[in-house]
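The values are calculated or read from the model by the stated rules, or taken from the named source; none is laboratory data. Owing to the predicted nature of the structure, the values given are computational and were not obtained by experimental measurement. Ideal geometry is used to build each Cβ from the backbone, glycine not excepted, and the neighbour counts take in all protein chains shown. We work out accessible area using only protein heavy atoms, side chains counted, and drop any ligands, DNA or RNA first. Shrake-Rupley method; radii C 1.70, N 1.55, O 1.52, S 1.80 Å.
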Amino acid sequence: MTQTFDIKINENSRVPKYKQIVDCIIADISSGNLKVGEKIPSINELSESCYLSRDTVEKAYKQLKKQKVIISVKGKGYYTTKTDLISKINIFFLVNKPSSYKMMIYNSFVNAIGVNAHVNLSIYHCEESLFIRTIEKNLGAYDYYVIMPHFKDDHQQHVSFTADVLNTLEKIPKEKLVILDNTKPEIKGSYGSIYQDFQADIFKALTEAIEKLKKYDKLILVYPIKSVHPYPRRILNGFRQFCIQNNFDFEILDEIYEDMELQSRDTYITIEEMDLVNLVRQTRSKGLKMGRDIGVISYNETPLKELLGITVISTDFKAMGETAAYMVLKNKKERVKNVFKYIERNSV
């Protein structure tokens, strides 16, 4: 007998209708409304009841079969399958800020986990007190805690962790802990960690670009000292180290100002998106060409930078999320340095 359940299609949504079907069925299984091993409507039945084309429903069922959420039994129909993908693993995912980069890591993690777990995202905005309250409120409620430690002090400077943060992390059972993005805090026990080495990464990436950079007279790092969500000063240290060891004239600015004194044969390395936008706008307004008159390198990859042909130095956010998911699924306690890349395009 076919299990009855509701497929809610939002006609006004921009989400494809086949994807809405997939999401509804997975949600029904996860909530227990649809039991594992029960029969679901045929493609024709669902097409007729929801006033959808047969192709739309067929596409949804193909996706569900690919994810091993349903199986087809010849001559009988479609059934939800007994699978480890529908599970009760609960994961608390705590990030320091809602940037596009952090969301890339989160989305990559969720996609790699698939329907293995329920992932609860929380943001603490680099605030130590909010971080501690959030962790303590959720202690014991989750199977895994995936945490990105980045904080700011009273002077808006970046700190990786504090004594109080370490004390709080010590309360989490290490077999349930995965630390992302920042360097490994000095906490006891065996736990998962996927981190960036901010100083070494920028040094190595700029070294890869050195032949391109040699055609410029000066390197300028735009490092936002007073950012609401501060960046590790190790980025600054790695930049200085590279310039000094390779005899580059350099300067450090805290932002791209209006009416910059742009000079030909300078290369700018920007971190925040708005600084990149302001730099590109002023470069164009003054008739300078990126990659010929002005060099531009941006920190952290995005699809838009790829589209615009902006050279970037960036960690691999997708890989970080996928590695974290692998550690959770396989219960690994490894400490892994994440991949960092120099991606050369047309702006240097």
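Annotations
- Residues that are in contact with a Ser or Thr (Cβ under 8 Å, 6 or more places away or on another chain), open to solvent by 10 Å² or more (accessible area, probe 1.4 Å) and assigned to a loop (DSSP other than H, G, I, E, B) do not occur anywhere in region 119-142.
- Verdict on LYS184 being among the charged types (D, E, K, R), touching a residue at least 12 places away in the same chain (Cβ under 8 Å), part of a loop (DSSP other than H, G, I, E, B) and farther than 25 Å from ILE91 by Cα: no
- Criterion applied to ASP201, ASP217 was being of a type in the set (D, E, K, R), at pLDDT 95 or above and surrounded by fewer than 16 Cβ atoms within 10 Å (Cβ to Cβ), and the one residue passing it is ASP217.
- Extreme residue, surrounded by the fewest Cβ atoms within 10 Å (Cβ to Cβ), among residues of region 300-338 that are closer than 24 Å to GLU211 by Cβ and in contact with a helix residue (DSSP H, G or I) (Cβ under 6 Å, 6 or more places away or on another chain): ASN300
- Residue selected from region 16-43 under the condition under 17 Å from VAL115 (Cβ atoms) and assigned to a loop (DSSP other than H, G, I, E, B), by the criterion modelled with the lowest pLDDT: GLY32
- In region 247-272, residue farthest from ASP181 (Cα to Cα) [restricted to those that are in contact (Cβ under 8 Å) with a residue 40 or more places away in the chain and surrounded by 13 or more Cβ atoms within 10 Å (Cβ to Cβ)]: ASP266
- Residues in region 164-181 that are closer than 23 Å to ALA117 by Cβ, open to solvent by 10 Å² or more (accessible area, probe 1.4 Å) and not in a loop (DSSP other than H, G, I, E, B): LYS174, GLU175, LYS176.
- Residues that are touching a residue at least 60 places away in the same chain (Cβ under 8 Å) and of a type in the set (Gly, Ala, Ser) within region 320-348 comprise GLY321, ALA324, ALA325, listed in sequence order.
- Residue that is nearest to TYR342 (Cα to Cα) [pool: residues in region 284-299 that are touching a strand residue (DSSP E or B) at 6+ places or on another chain (Cβ under 7 Å) and either open to solvent by 20 Å² or more (accessible area, probe 1.4 Å) or modelled with pLDDT under 95 (or both)]: MET290
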